Amino acid sequence: MRKILIDAQTSYLVGGINKHKANIEVYMNNTIGIGEHSDIMETIELELEKLSNYHDKLEMLVKYFPKTEEEKSYDEKRTDNS
């Protein structure tokens, strides 16, 4: 159960990171299509703040809830069988 919860939280946090990275890329590469955002730099800064929040949580998850040896072994076996 522990592994499932950690994996689910990890996936959620990585998804949040990717979402905000994508938003920043859009703002940086396609500013013409973003009419409602008059201050692009402020908008990018807000996206960076959101990205940072997900990143910090992911770091805390990895630091304080490391995988057990059993979980590492299970992951290695799954990777080898793929």
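The values are calculated or read from the model by the stated rules, or taken from the named source; none is laboratory data. Because the structure is predicted, anything quoted here is derived from the model rather than measured. As a convention, Cβ positions derive from the backbone with ideal geometry for all residues, glycine included, and neighbour counts pool all protein chains shown. In case anyone asks, the SASA skips ligands and DNA or RNA and just uses the protein heavy atoms, side chains included. Shrake-Rupley method; radii C 1.70, N 1.55, O 1.52, S 1.80 Å.
Using 0.36 nm per residue and subtracting the Cα-Cα separation, the extra length available between N30 and E71 on full extension is 10.5 nm.
Label point of S52 set 7 angstrom out along Cα-Cβ; within the stretch 10-24, amide nitrogens under 18 Å from it belong to 16-24.
With every protein chain present, what is the per residue accessible area of the chain (1.4 Å probe, Å²)?
On the way: 6530 Å² over 82 residues.
Here the residues of the chain average 80 Å² of exposed surface.
Compared with the dominant principal axis of the Cα atoms in the chain, helix 2-29 is inclined by about 20°.
To the nearest 10, the accessible area of K19 is 120 Å² with a 1.4 Å probe. Relative to the longest principal axis of the Cα atoms of the chain, the long axis of helix 69-81 lies at roughly 80 degrees. When +1 charges are put on Lys and Arg Cβ atoms and -1 charges on Asp and Glu Cβ atoms, the dipole computed for the chain relative to its Cα centre reaches about 420 debye. Only one item in (i) 13.1, 42; (ii) 12.6, 37; (iii) 17.4, 52 matches Rg and Dmax of the Cα atoms in Å derived from the coordinates shown, and that item is (iii).
Please report the carbon-and-sulfur percent of the accessible area for the chain; probe 1.4 Å, protein heavy atoms only, DNA, RNA and ligands left out. Don't skip to the end; give the middle numbers.
Numbers: 3650 of 6530 Å².
Solvent-exposed carbon and sulfur of the chain make up 56 percent of the total.
Pairs of Lys residues in the chain that lie 8 or more places apart, or on two chains, and have C-alpha atoms under 29 angstrom apart add up to 26. Applying both filters, DSSP loop and at most 12 other Cβ atoms within 10 Å, to the GluC sites (Glu not before Pro) of the chain gives E36.
Remark: accessible surface ordering of D7, D80 (largest first) is D80, D7, probe radius 1.4 Å. A 1.4 Å probe over all protein chains sorts T43, T79, T68 by accessible area into T79, T68, T43, starting with the largest.
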